[in-house]
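A.B. asks: Below is a structure I'd like to ask you about.
Here, each number is a calculation from the coordinates, and none is a lab measurement. All values derive from a computational prediction rather than experimental measurement. Every residue, glycine among them, receives a Cβ derived from its backbone with ideal geometry; neighbour counts consider all protein chains shown.
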Ligand SMILES: Cc1ncc(COP(=O)(O)O)c(C=O)c1O
Ligand SMILES: Cc1ncc(COP(=O)(O)O)c(C=O)c1O
């Protein structure tokens, strides 16, 4: 039919192989949904098929997925979402007036009054206004500009987009991204995918996973030998480590970023998840502005929030926002262009984000129920945070920092020399070996510390505190028993 | 506080500027939401503020956004979505039983029976099964494997992900991606962002925007001088050009891809949008398998679908899927890992995709209403496709191919020399100059052909056929009048 002028190389085989694919993608690691979780899914299937196991069900404490662990959605949120989805329900007197008003307001901001229309790429205008108002209220009146708000497909999307903007240069001038170790693996994965340089700074496990400026300094100095570190990422409250940063620490970090010309990314998706006494959430934005114009007019900061965590746990909706502060206007125009390529974030996620930042107010019909549900969830989490720390610390060979916030504990585990050797002989990280055994023997699914990063020679696992209290107790006691048996077996 | 060991370069100014940002992102162009649309939004604000204009409203015919143009959602889809969102409604006898059954089935496949839970990264299992069944039915029984289905955040997400996997090499070995000109600008934008090489092949405007293999051959040969062309992207039915490919043409393309070792990407988001007599939608998958094992066991193909187009037009939900055929298993594992980094596509979009592929069946209570709504929308579109072609072709200086499918016409416009010169003097593409004037004088918002690519020296615009028929008529007549005036003015 048509003459071939030139014979390409991969003749015969596949066009796309692991040898000819994007090399950066190959380098991506993602432990939270890695081999342990794949095995857990398999085991669940085996159980269903009647395969006998020493347990009846898999308990997934590997991922911060509240609803999957039985948490109920907030009634008001789902009522408004149902009204937005099927506006015929606006005539139904089973729905409270405040829910209807919220739905009407959101629909009025949608093309053709439908959440089935594309929204503007930056996000629905009235939602961005509500987000700005929320931030202003939260931060004691420090103003927030709706034009600085971008709605996102979960916080993940926003984080990747900002890292993408920041990635430039080659070799020694390649962008370095400073991330805490342990970290949430979205960061390492995105850095690998973008071909940026991962620059580790270690949190201080001895001081409750706090952040030492001297360690930031060490890390930065070392990185400057081989790349151009330009970004400092902070997760507060911390995942996987559960610490809540003090106001002083945040101020020190901002000062450091200002001095060292670092772009700040503040991942604040757990901003309502603070449990420990004496701990309080301080947003980077607020602290920045309280430090006065020398800082607030200069330091470039993007902060991220999500519908997935806090008390609502609406992960499936993929709602989120970011606020960009002091971003160069030309870069901001580039950001707006970039997000427009994918058209828009999901409209239902945007609507849900709106409800989170514009929840029922005192005097509105849904206020009491809303507050009751919210408080119940947050108190249960606080209780489970405490319970987890307490029970884990009764196990010899497990040492657990207080779970001050977020949804995870990240205890340090002592593994016997023989277990470490056996794992290494198998080519496995020792804590992966441990977690895999735990899964096979008890059905408990955790993520090994090696998936998040940890100091050489230390071992950890990450466990969510999300299972219902009674299940959590069972889990913790099984874990205790397993750890003792494991230690004996390999001693 | 801490000593500075090393002074980074961008001291004083911003860390992130257009000079220090990701250079690939800077190269991205995205016309569908470019300057014309920004100006349209401004004009809308001005109208609201009472600024006098020669028109009362902006008519946005720039984007394939059906609901924004007044199309109503399919009742059944929204009922099921409301039930999934607020399951208390399952007790409400206002909802038909088939809607309730669909909702129950979807919820049972969600963690904790909530669409607020993260789904598996590849997508909800029962949805992937339903997608596979749909493809099998659509393609006359050719089997489809749910393991080959990946749910996505709109088709956009799937397309970008596959292009990402395929981008590798440096300089002369850099991946080249063949795209039709005119094209849907997601492609050029993603290629620029990934730093791949855009390889243009031109559709044949004289033959109703059909695809000539000789042109593919020319384009490929030229590209092999400077890059490694490995991917061939096809949009069928076409955006912005509205053509529907013949079965023979698809077979030729597949043969060409097989011979030349090209990875095929088939963008089939308009698969239900076929209007012209004698035209029919043939999926690449079906044709590939009908060509026998020599092809069906070899050619690598990914096809894309979406909830955004066809008769449902549910753009805001960001639902979509892709089916990967003959993908190397190791690459597939890499793909699964890659999509897991962002956790999952929006669960409501997944649920909606499920309804599209598993719509009411004969005998079910919602069947008749569903079919009535679907047919009404598709017939109206067919009528508007015809109307658009007819009216545009009455205008001297406008030549419009039949709108065989999709949602757009892409007529060729003759611009007077003086207009071209004036535009160039302003540094504007001549068709941008034309569209901007059209917007200012009539309130009609179109996208200039230069945003999609066109043969040097030709000018076009893209117009959607989505406005309601009466509005569309007004629009077309205003456009006619404008074109005549414009031609006179610059002659
Ligand atoms: C610290 C942190 N950031 C971001 C995310 C991403 O959340 P999402 O994309 O669901 O908003 C998570 C999810 O667990 C997280 O823990
Ligand atoms: C040809 C084509 N492909 C893909 C898309 C992306 O659609 P979505 O991401 O909304 O599914 C569009 C949208 O207009 C399109 O026209």
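A.B. asks: 7 Å along Cα→Cβ for the label point: how many nanometres lie between residue B:399 and each equivalent label in the other copies, listed shortest first?
C.D. replies: From this label point to the equivalent ones elsewhere in the assembly: 8.1 nm.
A.B. asks: Where the eigenvalues come from the Cα gyration tensor of the protein assembly as shown, what are the semi-axes √(5λ) of the equivalent ellipsoid, largest first, in whole Å? List each step's numbers first, then the result.
C.D. replies: On the way: eigenvalues 413, 195, 192 Å².
Three semi-axes, in Å: 45, 31, 31.
A.B. asks: Here is a further query. Rg(Cα) of the range A:173-244 divided by 2.2 N^0.38 Å? Could the numbers behind the result be given before it?
C.D. replies: On the way: Rg = 11.9 Å, N = 72, 2.2 N^0.38 = 11.2 Å.
Cα-based Rg divided by the globular estimate yields 1.07.
A.B. asks: Averaging over every viewing direction, what projected area does the convex hull of the Cα atoms of the range B:118-357 cover, in nm²? If you can, show how the numbers build up before the last one.
C.D. replies: Details: hull surface 48.9 nm².
Dividing the Cα hull surface by four gives the mean projection, 12.2 nm².
A.B. asks: Then there's this: Only Cα pairs under 8 Å and at least 6 apart count here; give the relative contact order of chain B as a rounded whole percent.
C.D. replies: Over chain B, the number comes to 21 percent.
A.B. asks: Okay, helix-only estimate at 222 nm for chain B: each DSSP H run of n ≥ 4 adds -39500 (n - 2.57), divide by all residues, round to 500 deg cm²/dmol; what do you get? Intermediate results must be reported in sequence, preceding the final value.
C.D. replies: Details: 17 runs with 206 residues, N = 491.
My calculation for chain B gives -13000 deg cm²/dmol from helical runs alone.
A.B. asks: Please report Rg over Rh for the range B:277-352, where both radii come from the alpha carbon positions and Rh follows the Kirkwood definition. If you can, show how the numbers build up before the last one.
C.D. replies: Working: Rg = 15.5 Å, Rh = 14.7 Å.
Ratio value, two decimals: 1.05.
A.B. asks: From the label point of residue B:101, set 7 Å along Cα to the beta carbon, how far off in nm is each other copy's matching point, shortest first?
C.D. replies: Spacings between copies for this position, smallest first, are 4.2 nm.
A.B. asks: Based on the inverse mean of 1/r over its pairs of different Cα atoms, what is the Kirkwood hydrodynamic radius of the range A:111-205, in Å? It would help to have the intermediate numbers written out before the result.
C.D. replies: Numbers: mean 1/r = 0.0626 Å⁻¹.
That comes to 16.0 Å for the range A:111-205.
A.B. asks: Related question: Using the Cα atoms of the range A:57-112 to build a convex hull, what is its mean projected area in square nanometres? The partial results should precede the final answer.
C.D. replies: Numbers: hull surface 23.1 nm².
Spelled out: convex hull of the Cα atoms, projected over all directions, averaged, 5.8 nm².
A.B. asks: Could you work out how far apart the two model spin labels at residue B:330 and residue B:200 are, taking each label as a point 7 Å from the Cα in the direction of the beta carbon, and quote it in nm?
C.D. replies: 3.8
A.B. asks: Which FRET efficiency value, to the nearest 0.05, is calculated for residue A:390 and residue B:291 with the Förster distance at 51 angstrom and r the Cβ-Cβ distance?
C.D. replies: Working: r = 66 Å, r/R0 = 1.29.
Efficiency, from the Cβ-Cβ distance: 0.20.
A.B. asks: Also, I was wondering about something else. Roughly what % of DSSP beta bridges within the protein assembly as shown run antiparallel, to the nearest 5? Can you show the working numbers first?
C.D. replies: On the way: 40 of 82 bridges.
Percentage antiparallel, nearest 5: 50.
A.B. asks: Sticking with this one: What FRET efficiency, computed as 1/(1 + (r/R0)^6) with R0 = 45 Å and r the Cβ-Cβ distance, is obtained for residue A:440 and residue A:72, rounded to the nearest 0.05?
C.D. replies: Values: r = 32 Å, r/R0 = 0.70.
Given R0 = 45 Å and the Cβ-Cβ separation, E is 0.90.
A.B. asks: Further question on the same structure: How large are Rg and Dmax for the range A:376-450 when calculated on the C-alpha trace, in angstrom?
C.D. replies: Every Cα atom of the range A:376-450 included, Rg and Dmax give 14.3, 47 Å.
A.B. asks: State whether the range B:43-195 is rounded, prolate or oblate according to the following rule on the C-alpha gyration tensor (a ≥ b ≥ c being the square roots of its eigenvalues): a/c under 1.5 gives rounded; otherwise a/b larger than b/c gives prolate, and the remaining case gives oblate.
C.D. replies: Working: a/c = 2.24, a/b = 1.09, b/c = 2.05.
Note, shape of the range B:43-195 comes out oblate.
A.B. asks: May I pose another question? Share of antiparallel DSSP beta bridges in the range B:118-357, in percent to the nearest 5? If you can, show how the numbers build up before the last one.
C.D. replies: Working: 12 of 31 bridges.
Bridges in the range B:118-357 that DSSP calls antiparallel: roughly 40 percent.
A.B. asks: Sticking with this structure for a sec: Give the dimensionless ratio obtained when the Cα radius of gyration of chain A is divided by 2.2 N^0.38 Å.
C.D. replies: Values: Rg = 23.9 Å, N = 491, 2.2 N^0.38 = 23.2 Å.
In units of the globular-protein estimate, chain A measures up at 1.03.
A.B. asks: Another question, then. Can you give the Kirkwood hydrodynamic radius for the range B:365-491, in Å, rounded to one decimal and based on Cα pairs? Kindly include the intermediate steps, with their values, before the conclusion.
C.D. replies: On the way: mean 1/r = 0.0642 Å⁻¹.
Evaluated on the range B:365-491, it is 15.6 Å.
A.B. asks: If the label for residue A:55 sits 7 angstrom from Cα along the Cα-to-Cβ line, what are its distances to the same label in every other copy, in nm to one decimal, shortest first?
C.D. replies: Here the equivalent label points are 6.4 nm apart from this one.
A.B. asks: Same structure, new question: Between residue A:247 and residue B:49, what is the spin-label point distance in nm, taking each point 7 Å from the Cα along the Cα→C-beta axis?
C.D. replies: Going by the 7 Å Cα→Cβ label model, 4.0 nm.
A.B. asks: Let me ask you something else. Contact order normalised by length for the range A:221-377, with contacts defined as Cα pairs under 8 Å and 6 or more residues apart; what percent is it? Each step should come with its number before you reach the end.
C.D. replies: Working: 198 pairs, mean separation 27.6, N = 157.
Taking the mean separation of contacting Cα pairs over the length of the range A:221-377, I get 18 percent.
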